[in-house]
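The block underneath contains the structure these notes are about, expressed in structure tokens.
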Amino acid sequence: MPIASANASQPAIHVADLLKTFNVPVREAGLKAAVQSLVHRETREVRAVDNIGFDIGAGEIVGFLGPNGAGKTTTLKMLSGLLYPTSGEALVLGHVPSKRESAFLRRITMVMGNRNQLQWDLPALDSYELIRAIYRLEPGAFRTTRDEFIELLDLAGLVNKPVRNLSLGERMKVEIVGALLHRPQVLFLDEPTIGLDVTMQKRIRSFIADYNQRYGATVLLTSHYMADVQALCRRVVVIHHGKILYDGELARLGAQFDATKTIGVTLKDGEGDLSAYGEVISSEDGRVTLRVSRADAPEVATRLLRDLAVADLTIEDPPIEDVIERVFASGSEGPP
Amino acid sequence: MTGGLAGEPELDRDRFVPRAGLIRGWVDLYLTMFRVAILNNIQYRVANYFYMIGMIAEPVIYLVVWSTIARQQGGAVGGLTSGQLAAYYIVWTLVRQMNIVFTVYGWDERIRQGELSAMLLQPLFPIHWDIAFLAGWKLVTIVMWLPIAVVLTLVFSPALNIRVIDVAVFAVAIWGAYLVRTMLYWILGMASFWTTRAGPLFQLMFTAELLLSGRLVPLSLLPDWAQRLADVLPFKWTFGYPIDALIGQLPAGELIGGLAMQLLWIVVGVIGVRIVWRIAIRHYSAVNG
Amino acid sequence: MAGREVLRPIVLAGRFFRIGALNELQYRANFAIQVFQSAIALGTGLAVLALVFSQTTELNGWSEPELLVVMGVHILMGGVIGMVIQPNMVRLMEDIRRGSLDFILTKPDDAQVLVSVRDIQIWQAVDGLTGAIVIVVAVAQLGGAFGLGQALLFGLAFVLGGLTIYCFWLILTVGAFWVVRIDQIVELFEGVYQSGRWPVTIYPGWLQVSLTFLVPIAFAVTVPAQALTGRLTPGTLALAAGFAIALMAFTRWWWRFGLRRYSGASA
């Protein structure tokens, strides 16, 4: 994975002290309050993104994690020029996104779950022609790129069918091709695999990785599926209540936030009560999963092997989903 | 590498058309958008045709009422004979089709569905899409209209006395009408950026337009003060003028003058769109995104 | 007990009206908007009448106050359509399309009654009220004797007209949803309904027939207006009644037929 290659000195995405506040109307229950709100509307200021900052080097793939409402989409929208920051600095490829210059828009793309840039009733190929004309793509290069993507995602039989006849997953694939035809250097992907089955997720994942490799593009990605993040991102930025909780390697996230390991044990003679050794998380089909503190893990494992007839024993980091859950549970105070 | 990543023309040249091809680029863009519109229209040709036929109800009502009056008055009302009224309302059906523009209510939908955001991510001012798409759509519509016009002609026997220059000016004027109305409705529709309750505003505008455009009655049947009011509003250039250009046997001065007025209103519209759009988008980008 | 069965739709409609009213009362801005829209529509109608009568003194035998009666009935019936018929039919079309009708079919009440009264747009009552006021004003302008008999006759003709329009809408909704888009049907109907602003007798023969039996505007507006202006013949009233009853019987059969098809498709 090419991280911060030639342009390391100048990040592809630069964010500093970025702040976005919204004024949300305060509405009290009851008729009197409803009438009052017609005259005077009371509002409360909500910080959706609260003074965040990070740099992303050219060619990096970064996972942007956080629960719903954490400020991920707000940030992506600010970086793609859809939303004006309240204050602070955002630079993407040297452009100020909110100016929405043509030169900027032609170098980025944003994929949102609900985005539909394809003509619903026409085959995707017709929409691709439209994209070519809108982005003023050189016809030869356009065809090469298009055919390459079609082959990579195995879309040959699908791009001739009206988009409305495609399944959700197929539609997402042709949509992503449409979003990348102008070969953007920066990709903002907001839940690109949402609602898709596992095979389709894998397909799109590997396509993104491939695109990143091939064109050295920078990718900022949000996803509910940790598999996406694990497969694509070495680095993650975790955001919660508009603030950054963590910015660093995915591999070290667990070490920082979750001082536990899980031990999986299969006993030779069926299930037994192992609660004396640690917290039992699950117990099914003869396999028991225990949570123990990171420091105790070797000792517990030794005891298990000594005391019981163990058929199989594994020591693992807890699933990343659990780690993330713990990160968010720890609140916005930062790592413990 | 100097000047940061912002410049970098050499990086782009392998896949973007250079700036020199700007005009060709626009032509290509519009042709491509026409094509998409036509393909879309063809998909729904049956439903669209039923719809077009259904839209005839409105002018037929007007025509019947006014021809009845003309007959009672001994053949003409306000100087218009039944035959002239028939001609007026038959041409009306085509001009009405040309008057179809992106609806003012559509903006609300665009904002809620996130379509607007998708448009803003593309390096193209969205009005081009609206203009080209519906223009392409109309290319099909005009062809579909011809049989309808033939049937209406057979049923209502209009008095037609059309010169070559009328046809030529009409052919331009219907597109002028389309552009004037597009601009007008774009500006109005942007009210949706601030409120979801712009309905009454739209309603008021529709009513003014209905009465003062020539859609309800030929403008010559209106009282004097209303005609003078219509002269200073854009509406009549989108409806009454194109119809009169074809069948009203206007003198050459009025024919050309009408085109000039359309051009004037298009320019005013473009300026209006520019200004309102800038404010509207600033508002949108502050709260919605 | 039969009496209660007949009244059941009205009781149900009353209940839904109450719910709708309670919901809507929270949004009083909608009321203001509706008043505004009704005022504009009324103003437009009056302007057109004034325009017509600036050129003539009567239209095909109808004087200005008589045409005002027609307009009043048109607005009143328009209010009924907008308040009860159209919203329910639009919702029914959406339910059929999305396959979410099952919810209704599991209710103990008669499904046809339920789908016909469950959505009531209460602010449309403003239109009904406007129409009623216009009728009263117009009848007063007409002068002459106006007795209870005439009022009852009008009431009867109006109810028959309303039922006819309702049947027309339901037949269309059950039958045509796969052909055209919902908003297009609504818009088309609104276009054709405008023809009712004038007595259908002014239209050429073929159009009169269409506006009587194809889209029953004549029964909905012209016939009740005839009752108010002393034009209604027993023959016309009998035709209106006969047509309404026949159409209701057909609609009932058509609804059951459509329902069987629907259940077959969604099972």
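The set of residues in the range A:80-100 that are in contact (Cβ under 8 Å) with a residue 24 or more places away in the chain and within 11 Å of another protein chain (Cβ to nearest Cβ) comprises A:S80, A:G81, A:L82, A:L83, A:P85, A:T86, A:L91, A:V92, A:L93, A:G94. Being out of contact with any His (no Cβ under 8 Å at 6 or more places or on another chain), closer than 28 Å to A:T75 by Cβ and of a type in the set (D, E, K, R) holds for only one residue in A:R143, A:R100, A:R132, and it is A:R100.
Take C:Q194 and tell me if it is within 14 Å of chain B (Cβ to nearest Cβ) and surrounded by fewer than 18 Cβ atoms within 10 Å (Cβ to Cβ). Considered against the rule, which asks whether it is within 14 Å of chain B (Cβ to nearest Cβ) and surrounded by fewer than 18 Cβ atoms within 10 Å (Cβ to Cβ), C:Q194 comes out as yes. Each residue in the range A:157-181 was checked for being within 14 Å of chain B (Cβ to nearest Cβ) and either of a type outside the set (A, V, I, L, M) or in a loop (DSSP other than H, G, I, E, B) (or both), and 8 of them qualify.
Looking at B:V232, is it away from every other protein chain (no Cβ under 14 Å), of a type in the set (A, V, I, L, M) and over 28 Å from C:L207 (Cα atoms)? When the stated conditions are applied, B:V232 passes them.
Which condition breaks for A:D126 when tested against (1) facing chain B (nearest Cβ under 8 Å); (2) part of a loop (DSSP other than H, G, I, E, B); (3) among the charged types (D, E, K, R)? Going through (1) facing chain B (nearest Cβ under 8 Å); (2) part of a loop (DSSP other than H, G, I, E, B); (3) among the charged types (D, E, K, R) one by one, A:D126 breaks only (2). Would you be able to say whether some residue in the range C:70-82 is hydrophobic (A, V, I, L, M, F, W, C), within 14 Å of chain B (Cβ to nearest Cβ) and under 30 Å from B:M205 (Cβ atoms)? Checked the range C:70-82: at least one residue is hydrophobic (A, V, I, L, M, F, W, C), within 14 Å of chain B (Cβ to nearest Cβ) and under 30 Å from B:M205 (Cβ atoms). The residues listed here are C:V215, C:V159, C:V200, C:V209; of these, the one that is within 21 Å of C:P65 (Cα to Cα), modelled with pLDDT of 90 or more and β-branched (V, I, T) is C:V200.
The combined condition, being within 22 Å of the chain's Cα centre (by Cα) and assigned to a helix (DSSP H, G or I), is not fulfilled by A:V219.
Considering the conditions (1) closer than 20 Å to B:I131 by Cβ; (2) away from every other protein chain (no Cβ under 14 Å); (3) not β-branched (V, I, T), B:A168 is excluded by exactly one of them, (1). Is it the case that C:T173 is touching a residue at least 60 places away in the same chain (Cβ under 8 Å) and either in a loop (DSSP other than H, G, I, E, B) or closer than 22 Å to C:I245 by Cα (or both)? Taking the combined requirement at face value, the residue satisfies it.
Among residues of the range B:46-59 being more than 7 Å from every other protein chain (Cβ to nearest Cβ) and part of a helix (DSSP H, G or I), the one that is surrounded by the most Cβ atoms within 10 Å (Cβ to Cβ) is B:P59. Residues that are within 8 Å of chain B (Cβ to nearest Cβ) and touching a helix residue (DSSP H, G or I) at 6+ places or on another chain (Cβ under 7 Å) within the range A:140-156 comprise just one, A:F142. I'm trying to understand the selection: among the residues of the range B:60-81, which are more than 7 Å from chain C (Cβ to nearest Cβ), crowded, with 18+ Cβ neighbours inside 10 Å, more than 18 Å from B:V151 (Cβ to Cβ) and in contact (Cβ under 8 Å) with a residue 60 or more places away in the chain? Within the range B:60-81, B:W66, B:L80 qualify. For the range B:108-126, a residue qualifies if it is in contact with a helix residue (DSSP H, G or I) (Cβ under 6 Å, 6 or more places away or on another chain) and not in a loop (DSSP other than H, G, I, E, B), and the qualifying residues are B:D108, B:R110, B:L116, B:M119, B:P126. Taken together, the residues in the range C:114-130 that are assigned to a helix (DSSP H, G or I), farther than 13 Å from C:A39 by Cβ and within 14 Å of the chain's Cα centre (by Cα) amount to 5.
Here is the figure for the range B:97-107: residues that are in a helix (DSSP H, G or I), touching a residue at least 60 places away in the same chain (Cβ under 8 Å) and buried (at least 19 other Cβ atoms within 10 Å of the Cβ) total 2.
Working carefully through the options B:A260, B:A252, B:A245, B:A280, find the one that is within 14 Å of chain A (Cβ to nearest Cβ) and hydrophobic (A, V, I, L, M, F, W, C). Going through B:A260, B:A252, B:A245, B:A280 in turn, the sole match is B:A280. For the range C:93-107, filtering for residues that are in a helix (DSSP H, G or I) and not charged (D, E, K, R) leaves 5. The selection criterion, being within 11 Å of another protein chain (Cβ to nearest Cβ), touching a residue at least 60 places away in the same chain (Cβ under 8 Å) and farther than 30 Å from A:I239 by Cα, holds for A:L118. I'd like to know if the range A:248-266 contains one or more residues that are over 27 Å from A:M112 (Cα atoms) and in a loop (DSSP other than H, G, I, E, B). Yes, the conditions are met somewhere in the range A:248-266. Inside the range A:220-249, residues that are out of contact with any Gly (no Cβ under 6 Å at 6 or more places or on another chain), in contact (Cβ under 8 Å) with a residue 60 or more places away in the chain and small (G, A, S) make up a count of 1.
Residues are listed down the side, and each one gets a yes or a no for (1) of a type outside the set (F, W, Y); (2) modelled with pLDDT of 90 or more; (3) touching an Asp or Glu at 6+ places or on another chain (Cβ under 7 Å):
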residue	(1), (2), (3)
A:W120	no, no, no
A:S127	yes, yes, no
A:L130	yes, yes, no
A:Y135	no, yes, no
A:F149	no, yes, no
A:V159	yes, yes, no
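Residues in the range B:245-267 that are in a helix (DSSP H, G or I), in contact (Cβ under 8 Å) with a residue 60 or more places away in the chain and not small (G, A, S): B:L246, B:I247, B:L255, B:I256, B:L259, B:Q262, B:L263, B:W265, B:I266. A single member of A:I208, A:I244, A:I239, A:I194 is part of a helix (DSSP H, G or I) and on the phi < 0 side of the Ramachandran plot, and it is A:I208. Just one of the listed residues (A:S37, A:S98, A:S5) is surrounded by fewer than 21 Cβ atoms within 10 Å (Cβ to Cβ), at pLDDT 90 or above and either within 18 Å of A:T222 (Cα to Cα) or not β-branched (V, I, T) (or both), namely A:S98. Restricting C:P199, C:P204 to those that are within 14 Å of chain B (Cβ to nearest Cβ) and surrounded by fewer than 21 Cβ atoms within 10 Å (Cβ to Cβ) reduces the list to C:P204. Name, by its number, the condition in (1) assigned to a helix (DSSP H, G or I); (2) touching a residue at least 24 places away in the same chain (Cβ under 8 Å) that does not hold for A:P184. For A:P184, the failing item is (1).
The values are calculated or read from the model by the stated rules, or taken from the named source; none is laboratory data. The structure presented is a predicted model; accordingly, all values stated were derived computationally and were not measured. For neighbour counting, all protein chains shown are included, and Cβ atoms are generated from backbone atoms with ideal geometry for every residue, glycine included.
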